[in-house]
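*Asks:* One structure follows; several queries about it will come next.
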Amino acid sequence: MLHGMTSEPEQQLGVGVQDAFQRLWTPHRMAYIQGENKPTGPGADDGCPFCSIPAKSDEDGLVVRRGEQVYAVLNLYPYNGGHLMVVPYRHVADYTDLTGPETVELAALTKQAMTALRTASGAHGFNIGMNQGSVAGAGIAAHLHQHIVPRWGGDTNFMPVVGHTRVLPQLLADTRKMLAEAWPSA
């Protein structure tokens with residue numbers, strides 16, 4: 001529990017009549033909302049997290065697999081448990097700017113990620129894709145990254161739709177370890 005935070009409802013005088021809603025507080029999401037870990041500009045030296053992650057240990061960077069051209073990393077702000085991204089080491093924004101070897105390895109690690117997610121978590125399906133440019137929804141548009149989001153029958157409910165909250169059943173470090181162990185050999 002964070003200092004000063006509580007999961008118990010507090011009576012707040014003067015704020016109106018208490019409603020019947022229960023609250024699920026997710027204070028860790030505030031970092032994402034406030035733009036933490038976002039680059040200050042488009043260059044590789046502008047605080048790009050995808051450029052700094054490879055210098056960290058696998059555990060600290062949440063890296064699941066390292067290739068020669070690209071790497072697979074857990075999303076720090078996942079849509080679902082096991083949400084991975086495949087990222088080129090080179091700071092490049094557009095898919096058409098990838099080299100042939102980068103393109104091939106991005107595809108190969110995507111396939112391996114699907115296999116690892118099926119093995120480790122029994123994923124029923126996947127959402128796979130990349131948002132090219134901020135107008136297309138890319139949170140970090142300057143560094144290309146492909147999302148691999150595992151899906152299960154019945155995994156959608158009112159929480160993300162109405163509550164704008166994701167309920168994740170496992171800590172990211174535990175998910176990273178589980179997927180790294182389930183990753184298929186090339």
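The values are calculated or read from the model by the stated rules, or taken from the named source; none is laboratory data. Being a predicted model, the structure only gives us computed values, none of them experimental. Cβ coordinates were reconstructed from backbone atoms using ideal geometry, including for glycine residues, and neighbour counts include every protein chain displayed. The area values use the complete protein model at the heavy-atom level, side chains included, leaving out ligands, DNA and RNA. Shrake-Rupley method; radii C 1.70, N 1.55, O 1.52, S 1.80 Å.
Residues checked against (1) among the hydroxyl-bearing types (Ser, Thr, Tyr); (2) modelled with pLDDT of 85 or more; (3) open to solvent by 30 Å² or more (accessible area, probe 1.4 Å):
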| residue | (1), (2), (3) |
| --- | --- |
| 114 | no, yes, yes |
| 126 | no, yes, yes |
| 139 | no, yes, yes |
| 153 | no, no, yes |
| 160 | no, no, yes |
| 169 | no, no, yes |
| 172 | no, no, yes |
| 176 | no, yes, no |
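*Asks:* Follow-up. Residues of region 33-61 being among the hydrophobic types (A, V, I, L, M, F, W, C), under 16 Å from the mean Cα position of the chain (by Cα) and surrounded by fewer than 17 Cβ atoms within 10 Å (Cβ to Cβ), which ones?
*Replies:* Keep residues of region 33-61 that are among the hydrophobic types (A, V, I, L, M, F, W, C), which gives 33, 44, 48, 50-51, 53, 55.
Filter once more, keeping what is under 16 Å from the mean Cα position of the chain (by Cα): 33, 48, 50-51, 53.
Residue satisfying the conditions is 33 alone.
*Asks:* Of the conditions (1) modelled with pLDDT under 90; (2) touching a helix residue (DSSP H, G or I) at 6+ places or on another chain (Cβ under 9 Å); (3) over 30 Å from residue 154 (Cβ atoms), residue 59 fails just one. Which one is it?
*Replies:* With (1) modelled with pLDDT under 90; (2) touching a helix residue (DSSP H, G or I) at 6+ places or on another chain (Cβ under 9 Å); (3) over 30 Å from residue 154 (Cβ atoms) applied to residue 59, the lone miss is (1).
*Asks:* Answer yes or no as to whether residue 107 is modelled with pLDDT of 90 or more, hydrophobic (A, V, I, L, M, F, W, C), open to solvent by less than 40 Å² (accessible area, probe 1.4 Å) and farther than 22 Å from residue 30 by Cα. Show your work before the answer.
*Replies:* Values: modelled with pLDDT of 90 or more: yes; hydrophobic (A, V, I, L, M, F, W, C): yes; open to solvent by less than 40 Å² (accessible area, probe 1.4 Å): no; farther than 22 Å from residue 30 by Cα: yes.
In short, no.
*Asks:* Right, something else. Consider residue 58 carefully, then state whether it is farther than 21 Å from residue 92 by Cβ and of a type in the set (Asp, Glu).
*Replies:* yes
*Asks:* Among the residues that make up region 78-91, is at least one of them modelled with pLDDT of 95 or more and open to solvent by 80 Å² or more (accessible area, probe 1.4 Å)?
*Replies:* yes
*Asks:* Please enumerate the residues belonging to region 63-90 that are under 18 Å from the mean Cα position of the chain (by Cα) and in a loop (DSSP other than H, G, I, E, B).
*Replies:* Filtering region 63-90 down to residues under 18 Å from the mean Cα position of the chain (by Cα) leaves 63-66, 70-89.
Those that are under 18 Å from the mean Cα position of the chain (by Cα) and in a loop (DSSP other than H, G, I, E, B): 75, 76, 77, 78, 79, 80, 81, 82, 83, 89.
*Asks:* Shifting gears a bit: Give the residues of region 128-137 that are in a loop (DSSP other than H, G, I, E, B) and loosely packed, with under 14 Cβ neighbours inside 10 Å, sorted by residue number. Steps first, answer last, please.
*Replies:* Start the filter on region 128-137 by keeping residues that are in a loop (DSSP other than H, G, I, E, B), which leaves 130-133, 137.
Answer for region 128-137, where residues must be in a loop (DSSP other than H, G, I, E, B) and loosely packed, with under 14 Cβ neighbours inside 10 Å: 133, 137.
*Asks:* So, in region 91-125, of the ones that are in a loop (DSSP other than H, G, I, E, B) and not β-branched (Val, Ile, Thr), which residue ends up nearest to the chain's Cα centre (by Cα)? If you could, list the steps in order and put the result at the bottom.
*Replies:* Of the residues in region 91-125, the ones in a loop (DSSP other than H, G, I, E, B) are 91-94, 98-99, 122-124.
Filter once more, keeping what is not β-branched (Val, Ile, Thr): 91, 93-94, 98, 122-124.
Details: 91: 18, 93: 18, 94: 19, 98: 22, 122: 19, 123: 16, 124: 19 Å.
Taking the candidates together, the pick is 123.
*Asks:* Follow-up. Cβ-Cβ under 6 Å, sequence separation 6+ or interchain: first residue in region 39-51 and within 22 Å of residue 72 (Cα to Cα), partner of a type in the set (Gly, Ala, Ser) and open to solvent by 40 Å² or more (accessible area, probe 1.4 Å). Which pairs?
*Replies:* What qualifies is 39/47; 51/44.
*Asks:* Report whether or not residue 107 is among the small types (Gly, Ala, Ser) and in contact (Cβ under 8 Å) with a residue 60 or more places away in the chain.
*Replies:* Details: among the small types (Gly, Ala, Ser): yes; in contact (Cβ under 8 Å) with a residue 60 or more places away in the chain: no.
In short, no.
*Asks:* Tell me which residues, restricted to region 141-151, are open to solvent by less than 30 Å² (accessible area, probe 1.4 Å), in contact with a helix residue (DSSP H, G or I) (Cβ under 8 Å, 6 or more places away or on another chain) and not in a strand (DSSP E or B).
*Replies:* 143, 144, 145
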